[in-house]
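Presented below is the structure to which this report refers.
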Amino acid sequence: MSSDSVLASTAGNDLEAILSMANTDVSEAIHSVKDNADAIFTWDYEKGKRPALNKLYEKAKHAQWNGETDLDWSIDVDQEKFAKDLSDMRRQLMAEAGIVLDGTPFAKWSEKQWTELSIETQNWSLSQFLHGEQGALVCTAKIVETVPWIDAKYYAATQVMDEARHVEVFAKYLDTKLNGHYPINFHLKALLDDIINDSRWDMTYLGMQIMVEGLALAAFGMAMQTTPDPLLKQLLRYVMSDEARHVAFGVLSLKEFYADLTDAELLERQEFAFEAALRMRNRFLQQEVWERMGVDVKSAMRLFDVPDEVKNQDPFQQLLFSKIVPNCKKLGLLDANDGWLRKRFDTLGVTMFEDWVDTGEEYLEMDAVTQDRLAAAEAAEAAGAA
Ligand SMILES: [Fe+2]
Ligand SMILES: [Fe+2]
């Protein structure tokens, strides 16, 4: 990883240190990162040598969709109304959790401020999704160049197309349906920089397909469950359908590659995975939202019952790891080197997900695009027969 001093300070649970790191370059239009990897050609063109990757590639060719025409952009999105509904739900959950607001800046908040918080949170979340999608676009283009296997180059090429579509639909949703953008969060940007910076091709997979996309899959799932907006629900459903394949691509590729690594090499992967996990947890503090709302960030943390030390018992935060942990287990990363990563994940309170289904198995069930096409074909057939 690139910046050791930053890593050293994110490695702990020091809230002060985490919050002191902010993106200071918010007006930059172009951000360049040194990509240290070699581009690799292979002269072994035998298709299907890796049957699991070949199957994924064939699947991906059939599951392409068009962000312009397969989503109903005519749906009118009343962000303020949806935000108010979400804000009511949030406060109800807080009351049920026994969180008392007395003595905090929130005790005197008006309805309008609560709704505003929901609006800003949504603008922030979707902006980070957008930036993360561009990260995936760039990382996967890099995998096309660096991975030595032809089946993986083929598959990665379909993922590049998927990610272009994801960037496109999130950008369009933000531009035409919401009312504000946020620049990339410091911790997310640092993580993407580290992934691109690394010279080893398997580290791109670990950082992007396993960690960033594993977390995205869980986060999109939660957003899809809670959003009252039918357009965003459908958008997320289709994006998730692709993401499940992407995470499976990481699991299936690294399973083969890790089988031949030494303990010392595996330890480097475990450390990389844990640093990525910390960075992703830190970004979910959404400090930019609190700053924009004029709320002292530390007192905002208390609103969600997060004391001075970043506490790891927030069920929402934990759920974000529900895909990452079983996938790391399947790759052998959880238990290598006397359970080095298991012990670290224990400190984040997320090891409980280890036996949940891994994405190498479940991606076929999540293929919403094919499911919708089959349903449409059956409906047409039934209408024709009637
Ligand atoms: Fe994506
Ligand atoms: Fe993806």
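Here is a yes/no grid of residues against (1) open to solvent by 100 Å² or more (accessible area, probe 1.4 Å); (2) part of a loop (DSSP other than H, G, I, E, B); (3) under 21 Å from A223 (Cα atoms):
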{"residue": "Q64", "(1), (2), (3)": "no, yes, no"}
{"residue": "G67", "(1), (2), (3)": "no, yes, yes"}
{"residue": "V77", "(1), (2), (3)": "no, yes, yes"}
{"residue": "L86", "(1), (2), (3)": "no, no, yes"}
{"residue": "R91", "(1), (2), (3)": "no, no, yes"}
{"residue": "D102", "(1), (2), (3)": "yes, yes, no"}
Taking Q225 and the conditions (1) under 23 Å from L319 (Cβ atoms); (2) buried (at least 18 other Cβ atoms within 10 Å of the Cβ); (3) over 15 Å from the mean Cα position of the chain (by Cα), which numbered condition does it fall short on, given that it satisfies the others? (2)
Look through E68, E120 and report the one residue that is more than 18 Å from R237 (Cβ to Cβ) and either among the charged types (D, E, K, R) or within 16 Å of ligand 1 (Cβ to nearest atom) (or both). E120
Between A219, A223, which is within 13 Å of ligand 2 (Cβ to nearest atom), assigned to a helix (DSSP H, G or I) and modelled with pLDDT under 95? A219
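Hey, can you tell me all the residues within the stretch 195-209 that are closer than 13 Å to T140 by Cβ and either within 13 Å of ligand 2 (Cβ to nearest atom) or open to solvent by less than 10 Å² (accessible area, probe 1.4 Å) (or both)? Outline the logic, then answer.
Start the filter on the stretch 195-209 by keeping residues that are closer than 13 Å to T140 by Cβ, which leaves 195-196, 201, 204-205, 207-209.
Result: I195, T204, Y205, G207, M208, Q209.
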Cβ-Cβ distance below 7 Å, separation of 6 or more or different chains: which pairs start in the stretch 210-227 with a residue that is more than 10 Å from E243 (Cβ to Cβ) and free of Cβ contacts under 8 Å to residues at least 40 places away in the same chain and end on one that is open to solvent by less than 10 Å² (accessible area, probe 1.4 Å) and within 14 Å of ligand 1 (Cβ to nearest atom)? M224/L236
Within the stretch 245-288, can you find the residues that are surrounded by fewer than 21 Cβ atoms within 10 Å (Cβ to Cβ) and β-branched (V, I, T)? T262
Which of the residues belonging to the stretch 130-160 are part of a helix (DSSP H, G or I), more than 11 Å from ligand 2 (Cβ to nearest atom), surrounded by fewer than 24 Cβ atoms within 10 Å (Cβ to Cβ) and of a type in the set (A, V, I, L, M, F, W, C)? L130, V138, A141, V144, I150, A157
Can you list the helices (runs of 4 or more DSSP H) found entirely within the stretch 230-300 that contain at least 1 residues being among the β-branched types (V, I, T), in contact (Cβ under 8 Å) with a residue 24 or more places away in the chain and over 29 Å from E16 (Cα atoms)? 230-258
Total residues in the stretch 127-185, condition closer than 24 Å to D38 by Cβ and either in contact with a strand residue (DSSP E or B) (Cβ under 6 Å, 6 or more places away or on another chain) or more than 16 Å from ligand 1 (Cβ to nearest atom) (or both): 10
Among residues of the stretch 237-286, those that are within 16 Å of ligand 2 (Cβ to nearest atom) and among the aliphatic types (A, V, I, L, M), counted: 10
Going by the structure shown, is Q234 open to solvent by 10 Å² or more (accessible area, probe 1.4 Å), out of contact with any Leu (no Cβ under 9 Å at 6 or more places or on another chain) and more than 9 Å from ligand 2 (Cβ to nearest atom)? no
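Would you confirm whether any residue within the stretch 119-126 is under 27 Å from V251 (Cα atoms) and within 16 Å of ligand 2 (Cβ to nearest atom)?
Start the filter on the stretch 119-126 by keeping residues that are under 27 Å from V251 (Cα atoms), which leaves 125-126.
When the remaining residues are screened for being within 16 Å of ligand 2 (Cβ to nearest atom), the result is 126.
Scanning the stretch 119-126 turns up at least one residue that is under 27 Å from V251 (Cα atoms) and within 16 Å of ligand 2 (Cβ to nearest atom).
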Hits in the stretch 110-129 - residues which are assigned to a loop (DSSP other than H, G, I, E, B) and open to solvent by less than 40 Å² (accessible area, probe 1.4 Å): none
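The values are calculated or read from the model by the stated rules, or taken from the named source; none is laboratory data. The model shown is predicted, which means the values in this text are computed figures rather than measured ones. Using ideal geometry, Cβ is built from the backbone for each residue, glycine included, and neighbour counts are taken over all protein chains shown. The accessibility values were calculated without ligands, DNA or RNA, using every heavy atom of the protein model including side chains. Shrake-Rupley method; radii C 1.70, N 1.55, O 1.52, S 1.80 Å.
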